Amino acid sequence: MEKEELSQLKITRPAGEPSGPRRIRKKRTVWLLLIPAILLLLGYLYSQGLLQPAQEVSLTTVSLVFPSQPLTTLNASGYVVAQRKAAVASKGTGRLEFLAVEEGSRVRKGQLIARLENADLQAAAGQAEAALNTARANLNQVRAEIKNDRLRYDRYQRLVQSKAIAQSDFDSTEAKLNQALAAEAAAVSQIKAAEAALQATRVALEYTLIRAPFDGVILTKNADVGEVVAPFGSSVNAKAAVVTMADMGSLIVEADVSEINLEKVRVGQPCEITLDAFPEERFPGEVHMIVPTADRSKATVLTKIKFLKKDERVLPEMSAKAAFLTRPLAGGEKPKLGVNPGVLVTRKGNNFAFLLNGDTVREIPVTKGAPLADLVEIISGLKAGDKVVLNPPQGLKDGNRVKVAEK
């Protein structure tokens, strides 16, 4: 029984499936077709540089060459400084009651910036004004009496000449007139004293009003409402300056020039100013002053360069660089693209450059122009800021992987 069951056991293959040597021959055929295809793919990828190791290259940057660069004889660094700057304080002492400005506020000359508590001075000014009005009224009264006394004097003078009255009556009238004239002089003096007292009170009151000394911009706010303000900060815990302001029209660049290069600088010399805040901007300038003293510790001389055109973006204390030029720039001169000539590869009369694209390079056709000092002008194909391969190695192709050489 068991032998019959064993004889019935067998492997049934699906219909159409090859068996034995036929199956082996089919697998061999697949591999024979697949291996050449893989080899062809690998050869293509290698020829395109995708399987080659990354080549080490040096990079340089395409930059804007400004017209001033060939004309520059000297460069110096410095800062933007306001020639007209003030720490605005009060001449009186008191608690800050009102503050009308904040950082960045533009003010006009004489404009009210802040006010100290001054109720007592306002009352004193009112009292002085009332005293002045009283003195003026007293003078008017005295002058009215003088008018009557003068009329009586003239009448008595005629009467005494005609012997119509006694000489003593005339003398009494004359004395009264002189007394009235003296009272007038005293009243005039009282008015002057009252006017002086009123003026003194008004001056003291004005000391509590802090006004802008010139047109400018508020740079810093040093005190707040409620704080005590004292002249020169003489009081304990008192603030001296309420605000600091500057005349933005007086901004200049102060740059230190080495003594050995001082002969290259002259008053009135054209300059070009660049600011770290706006690296692509160029501001025309001119040497305003060479300070007639040297800094012995740095062996430099301070040079002041004024802006020929005002720009509201320029602020005090900005870092600046000044290029001293041999001549002023013409109005039509514009910056050009420039790059190291070692970037260009020439084939069949055409110029190419390898542009960095991630960890690979792209071969870019470019049109070059005239030489720009030690650079060459790029008319088309690249833009400012592009990273390109300097002195491309032999065999570098479009799409090759690269790594940047360490400097």
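Calculated FRET efficiency, Leu64 to Ala330, Cβ-Cβ distance, R0 = 22 Å: about 0.80 to the nearest 0.05.
Cβ crowding within 10 Å, taken as a proxy for footprinting-reagent exposure, orders Tyr79, Tyr207 from fewest neighbours to most as Tyr79, Tyr207. Relative contact order of the chain: 26 percent, from C-alpha pairs under 8 Å at least 6 residues apart in sequence. Remark: relative contact order (the stretch 119-198) = 51 percent; criterion is Cα-Cα distance under 8 angstrom and separation of 6 or more residues. Loop-resident trypsin sites (Lys or Arg not before Pro) (DSSP state other than H, G, I, E or B) in the stretch 277-351 with no more than 16 further Cβ atoms inside 10 Å of their Cβ: Arg296, Lys298, Lys309, Lys310, Arg313, Lys348. Using a simple spin-label model with pseudo-atoms 7 Å out from Cα toward Cβ, Ser380 and Glu56 lie 3.8 nm apart. Taking Cβ atoms as reference points and 15 Å as the exclusive limit, the residues near Lys298 contribute a net charge of -3, counting Lys and Arg as +1 and Asp and Glu as -1.
Of the cross-linked pairs Lys221/Lys298; Lys264/Lys310; Lys334/Lys383, those separated by over 24 Å at the C-alpha level are Lys221/Lys298; Lys264/Lys310. Overall size of the stretch 119-198 from C-alpha positions, given as principal axis extents largest first: 65, 14, 12 Å. Could you point to the residue in Val243, Val267, Phe170 farthest towards the positive end of the chain's charge dipole, with +1 and -1 charges on the Cβ of Lys/Arg and Asp/Glu respectively? After comparing all options, I get Val267. Based on C-alpha pairs under 8 angstrom that are at least 6 apart in sequence, the stretch 295-378 has a relative contact order of 21 percent.
Reducing the stretch 46-124 and the stretch 127-160 to their Cα centroids gives an inter-centroid distance of 67 Å. Dimensions of the stretch 52-182 from C-alpha coordinates, computed as largest minus smallest value along each principal axis and given longest first, are 144, 42, 18 Å. Look at Met245, Met289, Met318 and count the other Cβ atoms within 10 Å of each Cβ; fewest to most, that gives Met289, Met318, Met245. Of the listed values [x] 1.10; [y] 1.44; [z] 2.22, identify the label whose number matches Cα Rg over 2.2 N^0.38 Å calculated from this model. Matching entry in [x] 1.10; [y] 1.44; [z] 2.22: [z]. Picking from Tyr207, Gly338, Ile191, whose Cα lies most toward the positive end of the charge dipole for the chain (charges on Cβ: Lys, Arg +1; Asp, Glu -1)? Result: Gly338, furthest along the dipole toward the positive end.
Here, each number is a calculation from the coordinates, and none is a lab measurement. The structure presented is a predicted model; accordingly, all values stated were derived computationally and were not measured. Neighbour counts are summed over all protein chains in view; Cβ atoms, including those assigned to glycine, are modelled from backbone coordinates with ideal geometry.
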